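Step one of this worksheet: look at the structure below.
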Amino acid sequence: QVRSWSATWLFLSRAGFPVMTAGRSPESRRDPRALDGMSPLQEVFNAITMCVPLAVVIWLWLSPPTSKFWHWHPALIAIGIALHLPFSCHYHLQLARRSLKHAVDNTPRRLDQTMIHVTAVLVSWGLTDNLWLAMACTFLNIYFISRLWVENEAGMVERMANIGAAAFAYWLGAFVRGDYYNWFFAGFSLTSGGIATFARLGGWGHSVFHVCIGMMTYLGLHSASLIQQ
């Protein structure tokens, strides 16, 4: 991972820093190696902001609100966050380096989104003590993963809808338990991040989405900690 970061910054420096702009360049919008027209610098920030959820996990691990905060429910969420991070960072750094022939039709993207659904499975078990709900979320995400790898794979709209459905499904665990506070504000965070992504914000919307996921991670860990052992 360190080599990937170093190579990315080397790429940027050798390019004469043409990407150090606030918005997406016309060249990026036409480049099939650019995801949604984002510049290399914006992809580097996408990788950096993807570390926010794990930073939240580490913060709460080092400074738990209560002595009984950590047990296997919040631990599953933490594991899921840690598992997804390297795949996401690798994908965004590959995009930053323009080393993928196509920004979407590639294995790193499929692996990144596969791990999103693997994380969703772990979060679903972390946020509920209802076996049937957790099992339903598991099978739902297995189906979503299968749609990423088949010949007639899911298109962009379906992939985004599946990720949204996975998040909605695992947060049902908190709602069913009556944890309406964390459920509501997690929904607000996810919706805000989704709006930022689709609004694009000059190419910075994806980074904003990752920060919102950090807030949702905070709420999810607190919600999971409330489950009685």
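Some observations on this one:
- For the peptides 211-224, 120-133, the ranking by packing is 211-224, 120-133, with the highest mean count of neighbouring Cβ atoms within 10 Å listed first.
- Student exercise, the chain dipole from Lys, Arg, Asp, Glu Cβ charges, in Debye to nearest 20: 540 debye
- Couplings for region 100-106, taken from phi via the Karplus curve 6.51 cos²θ - 1.76 cosθ + 1.60 with θ = phi - 60°, read 9, 5, 9, 5, 10, 7, 7 Hz in order; Gly and Pro are left as x.
- The Rg/Rh ratio of region 64-106, with Rg taken over Cα atoms and Rh as the Kirkwood radius over Cα pairs, comes to 1.29.
- Whole-Å distance, taken between Cα centres, linking region 39-61 and region 133-164: 24 Å
- Along region 107-124 the Karplus relation, 6.51 cos²θ - 1.76 cosθ + 1.60 evaluated at θ = phi - 60°, assigns HN-Hα couplings of 5, x, 5, 5, 5, 4, 6, 4, 5, 4, 6, 4, 4, 4, 5, 5, 5, 4 Hz to successive residues, with x for each Gly and Pro.
- Hz values of 3J(HN,Hα) by residue in region 31-42 - Karplus curve (6.51, -1.76, 1.60), Gly and Pro given as x: 7, x, 7, 9, 7, 6, x, 6, 7, x, 4, 5
- Distance from region 167-229 to region 86-117 (C-alpha centre basis), Å: 23 Å
- Taking the C-alpha atoms only, the angle from helix 2-14 to the longest principal axis of the chain is near 30 degrees.
- Relative contact order %, the chain, counting alpha carbon pairs below 8 Å whose residues are six or more apart: 27 percent
- Between the residues 86, 41, 55, the greatest Cα displacement towards the positive end of the dipole of region 31-121, with unit charges on the Cβ of Lys, Arg, Asp and Glu, is found for 86.
- 222 nm mean residue ellipticity, helices alone, for the chain (DSSP H n ≥ 4; -39,500 (n - 2.57); rounded to 500): -24000 deg cm²/dmol
- Taken over the chain, the percentage of Cα pairs per 10 Å bin, counting from 0 up to the bin with the maximum distance, is 8, 32, 35, 19, 6, 0.
- Residues of the chain were split at every exposed loop site, defined as GluC sites (Glu not before Pro) in a DSSP loop with at most 15 other C-beta atoms within 10 angstrom, and the longest piece left, sites excluded, is 1-150.
- Charge tally in the Cβ shell below 13 Å around residue 166, where Lys, Arg are +1 and Asp, Glu are -1, residue 166 excluded: +1
- Degrees between helix 131-149 axis and first principal axis of the chain (Cα, 0 to 90, nearest 10): 20 degrees
- Protection proxy ranking, peptides 186-192, 169-175, average beta carbon neighbours within 10 Å, highest first: 169-175, 186-192
Values in this text are rule-based calculations from the coordinates and carry no lab data. This one's a predicted model, so the numbers in the text were calculated from it and none came from an experiment. Cβ sites come from the backbone with ideal geometry, for glycine too, and all protein chains shown count toward neighbours.
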